[in-house]
Amino acid sequence: MRFLPRSALLGFDEIAAIAGRFIDRGVRKIRLTGGEPLVRRGTVDLARTIGGRLGSGLDELTLTTNGTRLGDQARALFDAGIRRVNVSLDSRDPTRFRHVTRVGEVDRVLAGIAAARDAGLHVKINMVALEGINDDEIAAMLRWCGDEGHDLTLIETMPLGAVEEDRTAHFLPLDRVKRALDEQFTLVPLAERTGGPARYWHVAETGGRLGMITPLTANFCDGCNRMRLTAEGKLFMCLGQDDRVDLRAALRHGGTAALDAAIDEALRMKPARHDFRIARGAAPAVARHMSVTGG
């Protein structure tokens with residue numbers, strides 16, 4: 001775990017200022033993510049500030065969380081303007097959940113999900129599909145989401161950062177998962193896209209929605225227009241590339257004009273696609289983990 005001096009992090013006023021410049025340029029959706037955004041004091045206040053632009057350039061403000069602190073903050077997030085949260089949940093089995101997260105308690109996450117629903121937040125569950133770990137839970141997770149009124153998005157594991165295990169051991173291609181689900185559910189393709197990598201299906205049996213993020217079996221780059229700002233002010237234009245622009249330095253040393261110029265540079269640098277591949281013994285596409293830039 002890295003402990004950074006406060007000066008190394010963007011202040012919330014700086015984050016709000018950067019968000020405002022993106023909104024003024026036509027960005028309509030912003031997501032607060034991490035790491036875990038709810039561990040940082042003041043996140044709800046930041047959401048309230050950015051949420052003040054809802055209906056005035058901004059269409060949607062969402063949050064991605066591991067759910068451990070959601071029970072305490074769900075109502076405040078709703079009051080701040082957030083209407084949808086994404087919760088990472090790879091298993092509802094306590095032992096498996098602890099294996100994946102190392103320290104997590106699934107009951108706390110499930111309680112947070114319930115609190116979010118009760119507060120009026122729409123919940124989307126993000127589940128990384130893992131061969132030999134949770135592949136036998138996917139259909140049950142889809143049914144549970146339908147019963148609870150949540151959407152489910154399945155995600156292929158991505159080669160980001162060094163890990164202890166060989167990723168090929170647990171890589172589960174979602175085209176195979178889709179064929180298995182087709183035997184149990186009626187999945188109707190949806191034309192809906194969110195500006196991100198997921199493709200969606202309506203689940204006739206539950207009335208819910210299933211998303212799939214397939215960086216490896218079906219490259220998603222053609223539909224991705226996302227950029228990711230880290231807590232240290234680095235703007236990454238692609239999960240699978242190391243190109244970045246330092247917005248913190250631009251804002252602190254050159255003000256709004258320098259910030260606008262840096263954003264222009266970032267837009268010009270956005271790559272056409274990622275360099276992800278899964279192969280035994282292959283190095284990760286980039287050294288940083290997903291928690292650095294957010295999903």
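For the range 75-96, indicate whether the set of residues that are modelled with pLDDT under 95, among the β-branched types (Val, Ile, Thr) and surrounded by fewer than 16 Cβ atoms within 10 Å (Cβ to Cβ) is non-empty. No, the range 75-96 has no match at all. Restricted to helices (runs of 4 or more DSSP H) entirely inside the range 5-121, those with at least 2 residues that are out of contact with any Ser or Thr (no Cβ under 7 Å at 6 or more places or on another chain) and within 30 Å of ALA140 (Cα to Cα) are 70-80, 94-101, 106-118. Any residue in the range 41-62 that is β-branched (Val, Ile, Thr), over 19 Å from ILE263 (Cβ atoms) and surrounded by fewer than 16 Cβ atoms within 10 Å (Cβ to Cβ)? Within the range 41-62 (the criterion being β-branched (Val, Ile, Thr), over 19 Å from ILE263 (Cβ atoms) and surrounded by fewer than 16 Cβ atoms within 10 Å (Cβ to Cβ)), the answer is no, since none of the residues qualifies.
Among the residues of the range 21-41, is any in contact with a Pro (Cβ under 8 Å, 6 or more places away or on another chain) and closer than 30 Å to ASP90 by Cβ? No, because not a single residue in the range 21-41 is in contact with a Pro (Cβ under 8 Å, 6 or more places away or on another chain) and closer than 30 Å to ASP90 by Cβ. Scanning the range 230-274 for residues that are part of a strand (DSSP E or B) and modelled with pLDDT of 95 or more gives LYS234, LEU235, VAL245, ASP246. Pairs meeting the criteria (first residue in the range 28-52 and modelled with pLDDT under 95, second residue surrounded by fewer than 19 Cβ atoms within 10 Å (Cβ to Cβ) and aliphatic (A, V, I, L, M), beta carbons under 9 Å, at least 6 apart or on different chains) are GLY34/ALA231; GLY35/ALA231; ARG40/LEU9; ARG40/ALA231.
Filtered by the rule that a residue be among the polar types (S, T, N, Q), closer than 13 Å to GLY112 by Cβ and over 17 Å from the mean Cα position of the chain (by Cα), the range 45-84 gives a lone residue, GLN73.
Sub-8 Å Cβ pairs linking a first residue in the range 175-200 that is among the acidic types (Asp, Glu) to a second residue that is surrounded by 12 or more Cβ atoms within 10 Å (Cβ to Cβ) and modelled with pLDDT under 95, at least 6 apart or interchain, are ASP175/THR214; ASP175/THR217; ASP175/ALA218, ordered by first then second residue. In the range 122-139, the residue that is surrounded by the fewest Cβ atoms within 10 Å (Cβ to Cβ) out of those that are part of a loop (DSSP other than H, G, I, E, B) and not aliphatic (A, V, I, L, M) is GLY132.
The values are calculated or read from the model by the stated rules, or taken from the named source; none is laboratory data. What you see is a predicted model; the values in this text were computed from it and never measured. We place every Cβ from the backbone using ideal geometry, glycine too, and count neighbours over all the protein chains shown.
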